[in-house]
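The values are calculated or read from the model by the stated rules, or taken from the named source; none is laboratory data. Here the structure is a predicted model, which is why all the values come from computation and not from measurement. Every residue, glycine among them, receives a Cβ derived from its backbone with ideal geometry; neighbour counts consider all protein chains shown. All accessible areas refer to the heavy atoms of the entire protein, side chains included, with ligands and DNA or RNA removed. Shrake-Rupley method; radii C 1.70, N 1.55, O 1.52, S 1.80 Å.
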Amino acid sequence: MAESIPAVELEHVTKRFGNVVAVNDVTLRIAEGEFFSLLGPSGCGKTTTLRMIAGFEMPTAGVVRIRGQEMGETPPFKRPVNTVFQSYALFPHLTVAQNVAFGLEMQKVPRKEIKQRVAEALEMVRLPQMANRKPKQLSGGQRQRIALARALVNRPQVLLLDEPLGALDLKLRKAMQLELKALQSQVGITFIYVTHDQEEALTMSDRIAVMNEGRVYQVGTPREIYERPNSRFVADFIGETNFLTGRVEEVRGEQAVVLVDGTVRVVGTLTGPVSRGQEVTVAIRPEKLRLRPTGEVQGRVEELIYIGTDTRYVIRLTERSRLTVRTQNVGIGDSQRFRQGERVGLEWNDESALVLVE
Amino acid sequence: MKTGSSRQRTLIRIGQKVLSLHALFSYLFLYLPIIILIIFSFNNSKSVFRWAGFTTHWYLDLFSDPRIMSALKNSLIVASASTIASTIFGTMVSIAMERYDFFGKLPFDALLYLPIVIPDITMAVMLLVFFVTIHMPLGLHTIIISHIAFNISFVSVTVRARLASLDPALEEAAQDLYANEWQTFWKVTFPLLLPGIIGGALMAFTLSLDDYVITFFTAGARSTTLPLRIYSMVKTGVKPDINALSSLMMMVSMALVVLSLLLQRKGGEGVTIQ
Ligand SMILES: Nc1ncnc2c1ncn2[C@@H]1O[C@H](COP(=O)(O)OP(=O)(O)OP(=O)(O)O)[C@@H](O)[C@H]1O
Ligand SMILES: [Mg+2]
């Protein structure tokens, strides 16, 4: 994999609009056939990054390569990529079939082949009976699929998708997530997928780039991003996390002892180099914590919420810090194990507590 | 308290009555003369003031009057030529203004609307002075040039309204699907703009057909248009044939305006409200 040419490569790409830096020194390598997501909060530069790959925006600095080819000022209609727009952007004056045929006609594909490929594409998104409708006569989910068919019919090397499920309701969204993922492994085309929904990114992607304020904070598999966030921002943006702040007391190889709020000592795994006395954040996911009748680290049960599959405890650790603990309700009596106001011990595996510097 | 609120209610009720009366009178004021004009164009008498039975011979007379027919021909030539030219230029200007940035765009933008806001008489004098300065003899061609000058503004206002409400992602989608700028324009932008362009063209045709002031200043000796003809007929006394001619012109103009409005409203397709 490391040998082959990446499908898309961004090298120190920066985009400025006036004095707004929309994308700031982004470097990415996206492999052939990968489902790659750009994830981040609103305004972090996801769309701008995608538009630079499509050719709608030109980088202020840096290089975009598609299959090793430097794109430079290549206009969108000469790039081997296709886009599914958030608003779908179906041509309202053309029928569904004409919409899907548009790209093939522009590429001067023979008529007979166009007809056949359009039929196949409509079959693929399971809407062959809609060929003669106008986009106005379709539902949101159907429009979404036609937009997908219109892009995929061209067999692009890379498909760019900008929050393609953003306009759908939750149930349809979930169904389409699975459908999209299945379609991607079926056609084997590289997908670059923009979303601000972390759950969506985790379920669908092979790899995720987490962005914030124009920068890529971390690139990794969903598991890496979730289990090994490299910064406070990533840990906070993906899933639920407890944060404790403290000073490094001692460094022991891969681990460090951190004195939280000057009172409680916790052991955590390092994510980067730290020195003694440095101010750091310790991040622990609620489901990685275990409650015991007693232990080295102790706290008091402040709140206890039963939520069906889980019970959620809020534990007062120090005057300034609280920890949320999630325990699965395996047996019937589980939720009554600890009571409000009770003192409990807290346990976790050392690699579950991460010492974050940034 | 009680009397106060009931007095208020009475006041509101009176206010509503007054307002609806006001609206009624406004419409009467606008349309009564037109209705009278149309009625008397069918009056079987030379007098414009006394009803003497129904006839259509004033209308038939119009078509046998060679001076009116030649004025009609001139009017149609001027309106058609100026409509075609101003529609093409107006559309191109709109696209330039909406889609591209260039040096001096803002002042140019302001200048574009000048013909709409300045008085006709000012524009007429300006154009006349211009033609005299460049030693261009007056005739149909000078009328056409003048009409193009003011019609470009009206066409570009209508086309730009449509263009501004067009989702820019549609043009990007076309480019993403391998259409170059030229193909994108003809396959996507133009079909979606068409209702606006036709609307603008109909508006231009109407304005050209009805214009008096600017035409009067820029017309040559043998380039009389219908409005000029009507005015010279009125000077020798109002006869029912003028009523007939005016009624016809009004009907045609109204039909064109209604068609233009319908077209601009129709086909909200591709138009997003943001
Ligand atoms: N054409 C433009 N002109 C000026 N500023 C722009 C332009 N496009 C984007 N920006 C700015 O660049 C930044 C990044 O925008 P971008 O659209 O890439 O964000 P995003 O991550 O896609 O956000 P969202 O999730 O809201 O779609 C924002 O601050 C935005 O205001
Ligand atoms: Mg976006």
Would you check if A:Arg247 is more than 23 Å from A:Asn99 (Cβ to Cβ), without any contact (Cβ under 8 Å) to a residue 12 or more places away in the chain and not β-branched (Val, Ile, Thr)? no
Just one listed residue, out of A:Val96, A:Val81, A:Val125, A:Val63, is more than 16 Å from ligand 2 (Cβ to nearest atom), β-branched (Val, Ile, Thr) and under 26 Å from B:Leu193 (Cβ atoms), and it is A:Val96
Hey, does segment A:211-220 have a residue that's small (Gly, Ala, Ser), under 18 Å from the mean Cα position of the chain (by Cα), away from ligand 2 (no atom under 16 Å from the Cβ) and surrounded by fewer than 22 Cβ atoms within 10 Å (Cβ to Cβ)? yes
Checked against (1) open to solvent by 60 Å² or more (accessible area, probe 1.4 Å); (2) assigned to a helix (DSSP H, G or I); (3) within 15 Å of ligand 1 (Cβ to nearest atom), A:Thr203 satisfies every condition except (3)
Reported set for segment A:148-186 where residues are within 16 Å of ligand 2 (Cβ to nearest atom), buried (at least 20 other Cβ atoms within 10 Å of the Cβ) and aliphatic (A, V, I, L, M) is A:Leu160, A:Leu161, A:Leu165
Output for Cβ contacts, cut-off 8 Å, separation at least six or different chains, first residue more than 13 Å from chain B (Cβ to nearest Cβ) and open to solvent by 100 Å² or more (accessible area, probe 1.4 Å) in segment A:125-136, second modelled with pLDDT of 90 or more and part of a loop (DSSP other than H, G, I, E, B), reads A:Asn132/A:Thr95
Subset of segment A:25-59, residues within 16 Å of ligand 2 (Cβ to nearest atom), more than 14 Å from every other protein chain (Cβ to nearest Cβ) and of a type in the set (S, T, N, Q), comes to A:Ser37, A:Ser42, A:Thr49
The residue that is most open to solvent (accessible area, probe 1.4 Å), considering only those in segment A:102-124 that are within 14 Å of chain B (Cβ to nearest Cβ) and free of Cβ contacts under 8 Å to residues at least 12 places away in the same chain, is A:Lys108
Over segment B:188-203, the set of residues crowded, with 19+ Cβ neighbours inside 10 Å and either within 11 Å of chain A (Cβ to nearest Cβ) or without any contact (Cβ under 8 Å) to a residue 12 or more places away in the chain (or both) is B:Val188, B:Thr189, B:Leu192, B:Leu193, B:Pro195
Among A:Ala22, A:Ala97, A:Ala89, the single one that is open to solvent by less than 20 Å² (accessible area, probe 1.4 Å) and outside any strand (DSSP E or B) is A:Ala89
Within segment B:150-183, the residues that are assigned to a helix (DSSP H, G or I), more than 8 Å from every other protein chain (Cβ to nearest Cβ) and open to solvent by less than 40 Å² (accessible area, probe 1.4 Å) are B:Phe150, B:Asn151, B:Ile152, B:Ser153, B:Val155, B:Ser156, B:Thr158, B:Val159, B:Arg160, B:Arg162, B:Leu163, B:Glu171
In the set A:Val267, A:Val314, A:Val257, the lone residue that is aliphatic (A, V, I, L, M), surrounded by fewer than 20 Cβ atoms within 10 Å (Cβ to Cβ) and either outside any strand (DSSP E or B) or touching a residue at least 40 places away in the same chain (Cβ under 8 Å) (or both) is A:Val267
Problem set entry | Check on A:Phe233, away from ligand 1 (no atom under 16 Å from the Cβ) and either within 14 Å of chain B (Cβ to nearest Cβ) or touching a residue at least 24 places away in the same chain (Cβ under 8 Å) (or both) | no
So the helices (runs of 4 or more DSSP H) completely within segment B:1-112 holding 3 or more residues that are within 30 Å of B:Arg222 (Cα to Cα) and open to solvent by 50 Å² or more (accessible area, probe 1.4 Å) are B:57-64, B:66-99
- prompt: Does segment B:216-229 include one or more residues that are without any contact (Cβ under 8 Å) to a residue 24 or more places away in the chain, closer than 25 Å to B:Asn44 by Cβ, open to solvent by 10 Å² or more (accessible area, probe 1.4 Å) and not polar (S, T, N, Q)?
  reply: no
Residue pairs within 6 Å by beta carbon, gap of at least six or interchain, first lying in segment A:317-330 and under 18 Å from A:Ser352 (Cα atoms), second part of a strand (DSSP E or B) and among the acidic types (Asp, Glu), listed first then second, are A:Arg326/A:Asp310; A:Gln328/A:Asp310
Residue set B:Leu127, B:Leu140; condition touching a residue at least 60 places away in the same chain (Cβ under 8 Å) and in contact with a Gly (Cβ under 9 Å, 6 or more places away or on another chain); output residue B:Leu140
Residues of segment A:187-199 being within 16 Å of ligand 2 (Cβ to nearest atom), open to solvent by less than 60 Å² (accessible area, probe 1.4 Å) and more than 22 Å from A:Leu90 (Cα to Cα), in sequence order, are A:Asp197, A:Gln198
The residue that is farthest from B:Trp182 (Cα to Cα), considering only those in segment A:60-86 that are part of a strand (DSSP E or B) and within 14 Å of chain B (Cβ to nearest Cβ), is A:Ile66
When segment A:13-55 is checked residue by residue, the ones that are within 12 Å of ligand 1 (Cβ to nearest atom), farther than 13 Å from A:Asp162 by Cα and in contact with a Leu (Cβ under 8 Å, 6 or more places away or on another chain) are A:Val26
| Any hit, segment B:204-218, residues being within 14 Å of chain A (Cβ to nearest Cβ) and of a type in the set (Gly, Ala, Ser) | no
*Residue in segment A:199-207 that is of a type in the set (D, E, K, R), closer than 30 Å to A:Leu346 by Cβ and modelled with pLDDT of 90 or more present*: yes
